[in-house]
Amino acid sequence: MPEIRKETIPVSSTPHRVPDADPRNTATIGKAVKVVGQIFTKEDLNVDGDVEGTIESHENKVTIGTTGRVQASVKAREVVIFGQVQGNVEATDKVDIRREAKLVGDITTARISIEDGALFKGSIDIRKPEPKPAVTAGAPAAPSMAPSASATVSAAAAGTPSSR
């Protein structure tokens with residue numbers, strides 16, 4: 001009877017981990033951390049702990065993790081919410097409210113996405129980003145008024161996804 005052999009394939013004991021976009025440029029507030037006051041950052045920010053006050057990261061992304069609890073106004077280029085936020089959110093690009101998230105406050109943004117199951121209570125002000133004016137020699141740039149649309153919402157987003 002022929003002998004059956006199994007080939008062994010070498011396997012690393014170290015688990016393979018896909019790195020985030022650039023972890024060196026991301027600040028993290030851990031689960032066991034509570035911050036009371038103002039946070040100003042010039043890099044992306046992940047909040048997994050508690051924050052009371054204000055969060056500002058104008059040119060970057062702020063992510064509120066599933067364990068994150070924020071009682072603050074948040075201003076950033078992009079805001080992604082998985083946890084709880086009580087306060088106003090202002091994003092120059094996009095606000096993304098995920099399935100398990102809870103947001104009580106007003107939103108000002110150019111684009112918004114609310115997943116089924118997310119809880120949102122407040123108003124939404126959609127403001128298109130102002131285009132960079134082309135400067136011509138000798139002519140001053142005319143101030144432009146960005147169009148805006150407003151809506152007041154007070155309901156869970158179950159069954160009514162909204163994305164722009």
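The values are calculated or read from the model by the stated rules, or taken from the named source; none is laboratory data. From a predicted model like this one, the values you see are computed outputs, not experimental measurements. Methodologically, a virtual Cβ is constructed for each residue, glycine included, from the backbone with ideal geometry; neighbour enumeration extends over all protein chains shown.
With respect to the conditions (1) among the hydroxyl-bearing types (Ser, Thr, Tyr); (2) closer than 26 Å to Thr67 by Cβ; (3) modelled with pLDDT of 95 or more, Ser163 falls short on a single one, namely (3). Taking the stretch 50-68 as the range and being on the phi < 0 side of the Ramachandran plot, surrounded by fewer than 19 Cβ atoms within 10 Å (Cβ to Cβ) and not acidic (Asp, Glu) as the test, the residues that pass are Thr54, His58, Asn60, Gly65, Thr66, Thr67. Being more than 24 Å from Thr26 (Cβ to Cβ), basic (Lys, Arg), assigned to a strand (DSSP E or B) and modelled with pLDDT of 95 or more is a property that holds for Lys121.
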